[in-house]
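Participant: The following block contains the structure, expressed as structure tokens.
The values are calculated or read from the model by the stated rules, or taken from the named source; none is laboratory data. Because the structure is a prediction, the values reported are computed rather than measured. Neighbour counts are summed over all protein chains in view; Cβ atoms, including those assigned to glycine, are modelled from backbone coordinates with ideal geometry. Side chains included, ligands, DNA and RNA excluded: accessible areas come from the protein's heavy atoms. Shrake-Rupley method; radii C 1.70, N 1.55, O 1.52, S 1.80 Å.
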Amino acid sequence: MKELHELKKITILSGAGLSQESGIKTFRDANGLWENHPIEEVASPGGYQKNPELVQNFYNLRRRQLKEVQANAAHLAIADLEKLEQKDVLIITQNVDDLHERAGSKNIIHMHGELRKIRNTKTNEIKYWEEDILEKDYLSWRPDIVWFGEEIKGAQRIYQHLVDTELFIAIGTSSQVYPAAQFFQIVKENHGLCVELNLEPTQMSSYYDLSIQGKASEVVPSFLKKLYADEL
Ligand code: APR
């Protein structure tokens, strides 16, 4: 087994908990997004067909919020890791915010799409869009977000990267949504090291090689510092 500081191919899986301290609500915590909005109503193709106004407003509000929030210490620590030339880091994020990008990260797959992009419902054209989708466009432009029942983005690239990942770090995810919740198992099958950094234990914690609880803005920088110094 390589020394920790020698692990080169690193995959990070981030979830809503990573952005929570930036002021973006998670989904399943108390007062989370799904507490106020049944998932199928605002995050499914059926919900969009049934009530496009409700769905578009749900995402308009979240898109507007992007202008008020900023990356936190965890996003910045991850961006610093990626800058180390002896590392090959891929960020697979379940988050639809752009805080990884704003922290300086480059190698990112938004497997659930992005709030800053919209997609034409007829032509499938995708474009960056930072404003509200207006009523006149409710049916012709939709958020380029992966809704429940839709295919994740970047699946092939994700699986290609997982099979030879040496270190997998899951950050701020409840590991309740698939396939992301099982990505770590592919790494384990290929003898990679799996670490979970989350505010509280999850249903997958006991399957990880290491599971550390704490707030992302604290536990991510401190974990990475230990990694560089081989102090785990
Ligand atoms: N630091 C670290 N972890 C945190 C913090 C924090 N400050 N705050 C909350 N958490 C943890 C919670 O304990 C929880 O386990 O983050 C996790 C957030 O879980 P979810 O709200 O379920 O979010 P996520 O895992 O990203 O959901 C996955 O589900 O609904 C879909 O598409 C949606 O991408 C989302 C997917």
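Participant: Within the range 142-163, how many residues turn out to be touching a helix residue (DSSP H, G or I) at 6+ places or on another chain (Cβ under 9 Å) and either surrounded by 18 or more Cβ atoms within 10 Å (Cβ to Cβ) or among the charged types (D, E, K, R) (or both)? Don't jump to the end; show me each part of the working.
Facilitator: Of the residues in the range 142-163, the ones touching a helix residue (DSSP H, G or I) at 6+ places or on another chain (Cβ under 9 Å) are 142-143, 145, 147-150, 152, 158-159, 162-163.
Next, only the ones that are either surrounded by 18 or more Cβ atoms within 10 Å (Cβ to Cβ) or among the charged types (D, E, K, R) (or both) stay: 142-143, 145, 147, 150, 152, 158, 162.
So the answer is 8.
Participant: Condition check: in a helix (DSSP H, G or I), of a type outside the set (Ser, Thr, Tyr) and closer than 21 Å to Gly32 by Cα. Does Ala170 satisfy that? Spell out the reasoning first.
Facilitator: On the way: in a helix (DSSP H, G or I): no; of a type outside the set (Ser, Thr, Tyr): yes; closer than 21 Å to Gly32 by Cα: yes.
When the stated conditions are applied, Ala170 does not pass them.
Participant: What single numbered condition from (1) closer than 24 Å to Gly46 by Cβ; (2) away from the ligand (no atom under 16 Å from the Cβ); (3) not β-branched (Val, Ile, Thr) fails to hold for Pro179?
Facilitator: Only one criterion in (1) closer than 24 Å to Gly46 by Cβ; (2) away from the ligand (no atom under 16 Å from the Cβ); (3) not β-branched (Val, Ile, Thr) is unmet by Pro179, namely (2).
Results for (1) away from the ligand (no atom under 11 Å from the Cβ); (2) charged (D, E, K, R), shown as yes or no for each residue.
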{"residue": "Leu13", "(1), (2)": "no, no"}
{"residue": "Glu53", "(1), (2)": "yes, yes"}
{"residue": "Leu84", "(1), (2)": "yes, no"}
{"residue": "Gln94", "(1), (2)": "no, no"}
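Participant: Against the definition (within 24 Å of His100 (Cα to Cα), free of Cβ contacts under 8 Å to residues at least 24 places away in the same chain and open to solvent by less than 20 Å² (accessible area, probe 1.4 Å)), how does Ala216 come out, yes or no? Write out each step before concluding.
Facilitator: Values: within 24 Å of His100 (Cα to Cα): yes; free of Cβ contacts under 8 Å to residues at least 24 places away in the same chain: no; open to solvent by less than 20 Å² (accessible area, probe 1.4 Å): yes.
Against the criterion (within 24 Å of His100 (Cα to Cα), free of Cβ contacts under 8 Å to residues at least 24 places away in the same chain and open to solvent by less than 20 Å² (accessible area, probe 1.4 Å)), Ala216 does not qualify.
Participant: Just the residues that are crowded, with 17+ Cβ neighbours inside 10 Å and part of a loop (DSSP other than H, G, I, E, B), please, taken from the range 21-49. Working first, answer last.
Facilitator: If we filter the range 21-49 for residues that are crowded, with 17+ Cβ neighbours inside 10 Å, which is where we start, we get 21-22, 24, 26-27, 33, 42-44, 47-48.
Scanning the range 21-49 gives Glu21, Ser22, Ile24, Thr26, Phe27, Ala43, Ser44.
Participant: From (1) farther than 28 Å from Leu84 by Cα; (2) open to solvent by less than 60 Å² (accessible area, probe 1.4 Å); (3) assigned to a helix (DSSP H, G or I); (4) not hydrophobic (A, V, I, L, M, F, W, C), pick out the condition that doesn't hold for Gly17.
Facilitator: Condition not satisfied by Gly17: (1).
Participant: Which ones in the range 185-203 are within 16 Å of the ligand (Cβ to nearest atom), in contact (Cβ under 8 Å) with a residue 40 or more places away in the chain and open to solvent by less than 70 Å² (accessible area, probe 1.4 Å)?
Facilitator: Hit for the range 185-203 is Asn198, nothing else.
Participant: Right, here's the next one. Restricting attention to the range 72-130, report how many residues are buried (at least 16 other Cβ atoms within 10 Å of the Cβ), farther than 27 Å from Val163 by Cα and of a type outside the set (A, V, I, L, M, F, W, C).
Facilitator: 5
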